[in-house]
Amino acid sequence: MPHHTPLIATIVAGLTVAFALGALAHRFRISPLVGYLAAGVLVGPFTPGYVADAGLAQELAEIGVILLMFGVGLHFSLKDLLSVRAIAIPGALGQMAAATLLGMGLGYLMGWPPVAGLVFGLALSVASTVVLLRALQERRIVQTDKGRIAVGWLIVEDLAMVLALVLLPALAGALAPSAAGADMVSAWMLPLAITIGKVIAFVAFMLIVGRRVIPWILHWTAHTGSRELFRLAVLAIALGVAFGAALLFDVSFALGAFFAGMLLAESELSQRAAEETLPLRDAFAVLFFVSVGMLFNPNVLVDQIWPLLATVAIIVFGKSLAAFVIVRGFRHDNATALTIAASLAQIGEFSFILAGLGVGLNLLPEEGRDLILGGAIISILLNPLIFAAVMRTRPKLKAIEVKAPEPANDFLPTALTEHVILVGFGRVGAAVAEGLEAAGRPFLVVELDDASRRRARTAGFEVLAGNAADPQVLAAAGAVAARKLICTIPDGFEAGGVTEEARRVNPDLRIIARAHSDAEVEHLRKHGCDLAISGERELAAAMLAQLRPAKEELPPLVPPAPAAAEGRALLDDAEWALLSVARLDELAAGQAVDREGLFEGAERLGSFGTERLQSAVAGLIAKDLMADLGGGRVALTSAGVRNAAHAPVY
C-alpha cells in the first residue's frame, strides 16, 4: 500500500509548514494566523513546489469551520452582551453598515454588480475573533470597560455573520438565471421565506429538543467516567448537529455548529467540553487557514495593487473611523474609542468563510476573494503596530481629559502583604480558597479562565486575571511581599513555569504545588518548588488513616527510599487538623505555641470540640510528633515538622 496518500500528504504538509511559519511569525511578535495563511500560499497552486490537494483541503477546511463555529458558540455569553448592549448592538451594526457601504463603493468602481459589492463589503466589516481577543489579552484589557465593549461588539458582529451565511444561499437562488424571468415573489420572496422558515424550524428544534437531549447526553457520558467517551461525545455533538442541520434543514454547517456550542455552553460541563476539544479544534482551525491561503494568488500584489491598497484602507481606516465616531457619539472617552477602533482594524476567519461561500455561489468574483485575503494578511500584520500607537497616545489623552481614573488594564496591583497567592480556581483551588478564608488568611486568586474567575468573584474573593507565569501578573499579585504561593493547576508543565518565575521574583517565597506523579514532583522541585503534593499519595494516606490499624500491620505508604525512612504517622482528622494549623503557621521544631491557639485554628477547619482536640494533642505527643512544654504550651518535634509538611492545606 502507498505510504503517501493525498489526504495524508495534505494534512502533513499543511500542519508542518503551518507550524514552521506560525512559529516564525510568533518569533517576530506577529499573529500566527499570518504564518498559517502564508503556509497555505506556499503549498497552494500559485507558487512553485509541492501543491496540496485543493479538494481535500476544502473538505478539511469545512471541519475547521464547524469546530471554529462550535468554539464561538461555546464561548458565547448572552450576559456579557447584555452588559454592554446599549453601545455594542447599535455600534456594531452601524460600523458594519459603514464598512459594507465602503466595500460596495469600491466594488462599484471596479465594475462589479451590486450583490458582489455587498458580499465584499460584508466580508470587510467583521473583525477576526482570534486576533481581537489575543490583542486584548496581551494588553490585559479584557476585563476593563474597553475590553467588555470590544467583546460585546465582536459578539454582535459574529451573530450578524451567522445570519449572513444563512441568507446568502437564498440570495444566490433569487439571482440565478433560471429566476431572471420570474416575478418578484417567486424569484426573491419565496426562496427567502423558505430559507427563513427552515432556519426557524431548526432553531425551534434545537431549543425544544436539542436543549434537553444534548446536555443529557453529555452528563450521561460524563457519569461513565471515561474521558475518551466524553471527548468523543463532544465531537459527535459538534459534527453531528452541524451535518444534521445541513442535511435535514438545509442550513449551513456554521449555523448548526454554532447552536450546538451555544446549547452546550449552558451546561456546567461546558468548560470541560471546551478543554477536551481544544487540541482537535486548533488543529483543524489551522488547516482551515491553510486552505484559505491556498486560494490566495500572490499576483494580486502586483496586478491589483491599487484595489488592494483601497481594501486595506477600508479595513484599517474606514472601519476604525466609523467605530471611533460611534463610540464617541455614545459619550465614551477618546481612549475607549481608540481602543475599540484599533481592535476592529483587521479581518479574519468570518471574512474567509463569507468570501469562500460568495465565490462558491457565484456572487463574488475570485479577484474579490484575493483582495479579501490580501487585506486580511496585511491588516493582521499592521494590527499590533496600530495597537502600539494607540497605547502610546493614551497618556496624552489622559492628561487632556478630566474624568474618574480607570485602570489601564486588568492588573490592579493588590494592596495585600504577607499574603497567599492562590494560582488556579478549579475544584482543588476552590477548596483551598475556602480553607484559607476559614482560617482567616489573606489571599488572592490568580486565574486565566473566565468562568473560574466569575466563580471566584461571586464567592467574594480578590481575583487577578492572567497567567501566573507572567512576571506582570506576579508583580500585580504582590509576589515580592507574599508569604506563600499555592499552585493548584493540574498541569505539571505549566505549574513548573509558574514555580520557576515565582522563585525568580521572590527567592524567599514558600511555594506549594500540586502534582499527579513522582515525575511531576521531581520536575516541580527542580524548578524551585518547596513542597510538591502528589494527589494520589494524599488520597492513599487519607484512606489508610481511616482504617487506623496498628502500625505494624500497615504496608509502607511509599516504596523504600531515602525519604521514606522518615515515615508518616497514621493520624485521625483532628490530629491532621492540628498539624495543618502548624503547617500554615510555619512552626519550626521546638517552637512553643499555646494549645488554645492551635485549637482556635483547628476549629476553623472543623467542629472538633475542646475535648477531642485535647485527645488529639495527647495522641500527637504519644506518637512523638509533639512535645508538652507545660503551662498549656506545646511544640512540634522534628518528626512532627516532617509530618506537618504532608498535612492537607485547607
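Listed values, structure above:
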{"quantity": "Packing-based ranking, highest mean first, of 475-482, 61-68 given that Cβ atoms within 10 Å are counted", "calculated": "61-68, 475-482"}
{"quantity": "Shape call, region 6-399: gyration tensor on alpha carbons, a/c limit 1.5", "calculated": "rounded"}
{"quantity": "Rounded to the nearest 20 debye, dipole of region 572-644 from Cβ charges on Lys, Arg, Asp, Glu", "calculated": "160"}
{"quantity": "Residue among Thr637, Leu579, Ile380 farthest towards the positive dipole end of the chain, charges placed on Cβ", "calculated": "Ile380"}
{"quantity": "Simple Cβ-charge dipole of the chain, Lys/Arg +1 and Asp/Glu -1, about Cα centre, in debye nearest 20", "calculated": "1240"}
{"quantity": "Degrees between helix 366-400 axis and first principal axis of the chain (Cα, 0 to 90, nearest 10)", "calculated": "50"}
{"quantity": "Footprinting exposure proxy for Arg441, Arg29, Arg457 (fewest neighbouring C-beta atoms within 10 Å first)", "calculated": "Arg29, Arg457, Arg441"}
{"quantity": "Theoretical ellipticity at 222 nm over the chain - DSSP helices of four or more residues, -39500 (n - 2.57) apiece, nearest 500", "calculated": "-20500 deg cm²/dmol"}
{"quantity": "Neighbour-count ranking [beta-carbon atoms within 10 angstrom, fewest first] of Ser351, Ser534", "calculated": "Ser534, Ser351"}
{"quantity": "Protection proxy ranking, peptides 257-266, 446-455, average beta carbon neighbours within 10 Å, highest first", "calculated": "257-266, 446-455"}
{"quantity": "Degrees between helix 129-138 axis and first principal axis of the chain (Cα, 0 to 90, nearest 10)", "calculated": "40"}
{"quantity": "Tilt relative to the chain, helix 190-205 - C-alpha long axis, 0 to 90 degrees, to 10", "calculated": "10"}
{"quantity": "Order by protection proxy (mean Cβ within 10 Å, highest first), peptides 494-501, 221-228", "calculated": "494-501, 221-228"}
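Since every read-out is calculated from the coordinates, none of them should be taken as a lab result. Every value quoted in this text rests on a predicted model; they were computed, and no experiment measured them. Positions of Cβ are backbone-derived with ideal geometry, glycine not excepted, and every protein chain shown enters the neighbour counts.
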